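Notes to accompany the following structure.
The values are calculated or read from the model by the stated rules, or taken from the named source; none is laboratory data. Not measured: the values here are computed from a predicted model. Methodologically, a virtual Cβ is constructed for each residue, glycine included, from the backbone with ideal geometry; neighbour enumeration extends over all protein chains shown. Ligands, DNA and RNA are excluded from the accessible area calculation, which covers all protein heavy atoms including side chains. Shrake-Rupley method; radii C 1.70, N 1.55, O 1.52, S 1.80 Å.
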2 protein chains.
Amino acid sequence: MSEPEVLPHPDRAEIKVDQVLQALGDPVRLEILRAVATAPPEGIACGEFPLPVGKSTRTHHLRILREAGVITSRIVGTRRMINLRREDLDALFPGLLNGVLTALPPD
Amino acid sequence: MSEPEVLPHPDRAEIKVDQVLQALGDPVRLEILRAVATAPPEGIACGEFPLPVGKSTRTHHLRILREAGVITSRIVGTRRMINLRREDLDALFPGLLNGVLTALPPD
């Protein structure tokens, strides 16, 4: 197995706005944001939505988003599911996430 | 003279949200944002507000913000004045700038 089942996530109090902005400042990561923002409550499987990059690059971008506090990543059955940390981000930075989502270019 | 009088600025239509987020994803550049966001209409002189970095690093950060379309930089008399492109950013990405400004840590 190449990845541990439980990956580290920052606590809400550890999430910093500069790191969130840095994590979101990339077109591929904004595509991931768009995907998780419209996902059902159980999240989306991390390998199962279209991205114009290979698997290792996808993993790299997901790690940056997770370590910045933008997404969670957890094993559910045989899949790794990712979710947007909307509640945490909205509590910490009111209006920021909606501002970014509104600013995304058309799908 | 080490810098040309007129530095290049992207047109409004060239400003991209990923580049704006990338430019803002840095604690020093967020300090610059805070400074220009509260500046008078004539802007602030680029060397005359406190930043915890040296002159060449300050210039580097100002260039990143200018090239991403976050600030303008122009010569007025003997000073280089910088301004926030609030009108452009609000028109392109409604709510984004206010979301970032609200998220800034206390001064």
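Would it be correct to say that A:Ile15 is within 14 Å of chain B (Cβ to nearest Cβ), within 29 Å of B:Pro27 (Cα to Cα) and either open to solvent by less than 70 Å² (accessible area, probe 1.4 Å) or polar (S, T, N, Q) (or both)?
The answer is yes for A:Ile15.
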- Task: Name the one entry in B:Arg58, B:Arg34 that is within 12 Å of chain A (Cβ to nearest Cβ) and basic (Lys, Arg).
- Result: B:Arg34
- Message: Checking the conditions here, which among A:Pro50, A:Pro40, A:Pro10, A:Pro105 is under 30 Å from B:Ile32 (Cβ atoms) and at pLDDT below 95?
- Response: A:Pro105
